[in-house]
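These notes concern the structure reproduced below.
The values are calculated or read from the model by the stated rules, or taken from the named source; none is laboratory data. Keep in mind that this is a model prediction, so the values were computed, not measured. Note: ideal-geometry Cβ built from the backbone for every residue, glycine included; neighbour counts use all protein chains shown. Protein only, heavy atoms only, side chains kept; ligands, DNA and RNA dropped before computing areas. Shrake-Rupley method; radii C 1.70, N 1.55, O 1.52, S 1.80 Å.
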Amino acid sequence: MNVMDLPRAGVVIVAAGRGTRMGTKENKQFLLLRDKPIIVHTLEVFDRHPLIGEIVLVTGEHDVDRCRAWVAEYGIAKQVKVIPGGAERQHSVYRGLLNIGADWVLVHDGVRPFVTSGQITACYETAVRHGAAILAVPVKDTVKQVDEAGRVTATPDRRSLWAVQTPQAFRRADLLRAHEEAEAGGFLGTDDAMLIERLGIPVMVAQGGYNNIKITTPEDLDFAEIIINKKDFGGEDKL
Ligand SMILES: Nc1ccn([C@@H]2O[C@H](COP(=O)(O)OP(=O)(O)OP(=O)(O)O)[C@@H](O)[C@H]2O)c(=O)n1
Ligand SMILES: C[C@](O)(CO)[C@H](O)COP(=O)(O)O
């Protein structure tokens, strides 16, 4: 399959979280990295990507205006629909989805600014081939299951463990149904693939990257400074 023949996809970028684990006064998605808000770095990667035709940015209701202003100020070329999100990530994604017209949709965390063009392509191409795809990387550490008393209860085989990232790519109709059924069943997932898995739809993994971090806690900002200074940052790799 020639990737340039793929249909143009929509992306929902979620940035309506409160960043409680980061603990900063300013929401983490708006902190500056090389003098630019993190969310703008993320938008730029999708703006440059030739297979992305629609961008919906979901943010806090009080942040909609400044996000719209940044889209103009930083010269994002594609049209970006900026809308308010919900109380949980899942609700924010759902609101975004309702604003996507394309048949295929990618969902991405606004606080993962280091995703590359190649990773976006790999995820999307895998989804079109197989129906649904996520980016992930094999875990490097040995992982233990631990009970509430702090006692180790199991050591899962590391070879089957992957740390999940975004983007995650789906048929828009599948993801809409997955969200509606999750809501009806009172199910809250930590990623969109979980909702798709509930429908029995197989989800394939495409290779993510260890630099595609989710900026979550203060030490992630130190990693982010290091990553941004690396030459290969910013989706400048090959499609
Ligand atoms: N109600 C929410 C919650 C989260 N997110 C977004 O989902 C992504 C991943 O969430 P996470 O890193 O957990 O962000 P927060 O919810 O902001 O962080 P915390 O859990 O520490 O409060 C972030 O881009 C965040 O802005 C969202 O759009 N709407
Ligand atoms: C989908 C996700 O990126 C998986 O790592 C996600 O946003 C998880 O959010 P969480 O709040 O860290 O569970």
Exercise. Output the Kirkwood hydrodynamic radius of the stretch 7-231, Cα pairs only, in Å rounded to one decimal.
Key: 18.0
Quiz item: Once phi is turned into ³J(HN,Hα) by the Karplus curve 6.51 cos²θ - 1.76 cosθ + 1.60 with θ = phi - 60°, what whole-Hz value does each residue of the stretch 81-93 show in order, with x for glycine and proline?
Solution: 8, 9, 9, x, x, x, 5, 10, 3, 4, 5, 5, 4
Self-check item: Cα→Cβ-extended label distance, 7 Å offset, between Lys81 and Asn2, nm
Solution: 3.0
Quiz item: Given the options Lys214, Lys36, Lys25, which has the most mean-square fluctuation in a GNM of the chain, springs set between C-alpha atoms less than 10 angstrom apart?
Solution: Lys25
Practice problem: Among DSSP beta bridges lying fully in the chain, give the percent that are antiparallel, nearest 5. | Solution: 40
Practice problem: For Trp162, Trp104, give the ranking by accessible area with the largest first, probe 1.4 Å. | Solution: Trp162, Trp104
Quiz item: Which aspartates and glutamates have a Cα lying under 14 Å from the Cα of Lys144, excluding residues fewer than 8 positions away in the same chain?
Solution: Asp157
Quiz item: Between Glu225 and Gln145, what FRET efficiency follows from the Cβ-Cβ distance if R0 is 25 Å, with the result rounded to 0.05?
Solution: 0.15
Quiz item: Straight-line reach from Lys81: which aspartates and glutamates have a Cα under 20 Å away, not including same-chain ones fewer than 8 places off?
Solution: Glu44, Asp47, Glu54, Glu61, Asp63, Asp65, Glu73, Asp103, Asp109
Quiz prompt | Student exercise, the stretch 100-166 dipole from Lys, Arg, Asp, Glu Cβ charges, in Debye to nearest 20 | solution = 240
Quiz item: Asp220 accessible area, nearest 10 Å², 1.4 Å probe?
Solution: 20
Quiz item: Taking Cα centroids, how far is the stretch 11-42 from the stretch 62-104 in Å?
Solution: 13
Practice problem: With the full set of protein chains in place, find how many percent of the accessible area of the stretch 7-231 is carbon and sulfur; take the probe as 1.4 Å. | Solution: 50
Quiz item: With charges set only on the Cβ (+1 for Lys and Arg, -1 for Asp and Glu), what does the dipole of the stretch 7-231 come to about its Cα centre, in debye to the nearest 20?
Solution: 440
Quiz item: Under a straight-distance cross-link criterion of Cα-Cα below 30 Å, which lysines are reachable from Lys230, leaving out those fewer than 8 residues away in the same chain?
Solution: Lys25, Lys28, Lys36, Lys78, Lys140, Lys214, Lys238
Quiz prompt | Mean residue ellipticity (222 nm) of the chain, computed from DSSP H runs ≥ 4 via -39,500 (n - 2.57), nearest 500 | solution = -9500 deg cm²/dmol
Exercise. For Arg68, put the label point 7 Å out on the Cα→Cβ axis and report which residues of the stretch 89-105 keep their amide N under 13 Å from it.
Key: none
